[in-house]
Structure formats: C-alpha cells, structure tokens
1. Using a Förster distance of 22 angstrom, determine the FRET efficiency expected from the C-beta separation of Glu68 and Ile3, and round it to 0.05.
2. If exposed means no more than 14 neighbouring beta carbons inside 10 Å and the site is in a DSSP loop, what's the longest run of the chain without any exposed GluC sites (Glu not before Pro)?
3. What shape does segment 33-85 have by the C-alpha gyration tensor, where a ≥ b ≥ c are the square roots of the eigenvalues, rounded means a/c under 1.5, and otherwise prolate means a/b greater than b/c and oblate the rest?
4. Kindly flag which residue pairs out of Lys34/Lys64; Lys34/Lys54; Lys26/Lys54; Lys34/Lys76 have an alpha-carbon separation exceeding 23 Å in this structure.
5. Taking other Cβ within 10 Å of each residue's Cβ, how do Met21, Met46 sort, fewest first?
6. Expressed in nm to one decimal, what extension gain is obtained for the pair Thr14 and His27 from 0.36 nm per residue of sequence separation less their Cα-Cα distance?
7. Just how large is the dipole of the chain about the Cα centre, in debye to the nearest 20, putting +1 at every Lys and Arg Cβ and -1 at every Asp and Glu Cβ?
8. To make sure I understand the rule: partners must be aspartates and glutamates, Cα under 15 Å from the Cα of Lys16, and not fewer than 8 residues away in the same chain. Which ones qualify?
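What follows draws every value from the coordinates through simple rules; no lab data is involved. Every value quoted in this text rests on a predicted model; they were computed, and no experiment measured them. As a convention, Cβ positions derive from the backbone with ideal geometry for all residues, glycine included, and neighbour counts pool all protein chains shown.
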Amino acid sequence: MAIYYLRVNKNNNTRKIAIDMAFLAKHKLIRLPKYYFEENLYLPIMNKSGDDNKVEEYYLSSDKIMKEDEDFYYFKFPFKHNQVVDVAV
C-alpha cells in the first residue's frame, strides 16, 4: 500500500505529513496528532468527473473533525483509495 501525505503550503514551500496508513486501512479515518494540525492542511485527491483527471485539495479544517482524544484528531476519509494522489512531490 502506498503512503498518503497531507500537505500544507507556506512561504513558497510545501510541507508533507505522512498519514497513519495502518489506522486508515482499519478504521477508514485519518488519525492526525494534534501538534500536526494547522490551517490549510489538505489531502490531494483526483476528481474523476468525466474524462478529466483533475487534482483537487480536500482541506482538513476544524469543522471536519469527527472526534478527538487527548492526543489525536480524527477525520472522515470519504474517498476511494485510488482517488488519493500518492506521489510525494
């Protein structure tokens, strides 16, 4: 299984954060440590509308937090695995 990366663009740089793939595969949720959460954090996905394969950004904002515990935020993963851009550029 490929590793998926969340990304954030700041100061003309792109920072990548690896997703916990074992947790994602078992629970269908993105588990993100609280210290990694920041504004404009997104997951690049392929929108397969018609013949056009266009990359879109699915932003993980505070209103998309499904639940949280002492150390983690949990976000819904509403995509098929083949929609996620797994190239770490």
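1. Working from the Cβ atoms, E equals 0.40.
2. That would be 1-37.
3. prolate
4. Lys34/Lys54; Lys26/Lys54
5. Met21, Met46
6. That pair, Thr14 and His27, stretches by 1.9 nm at full extension.
7. 180 debye
8. List returned: Glu38, Glu39, Glu57, Asp86.
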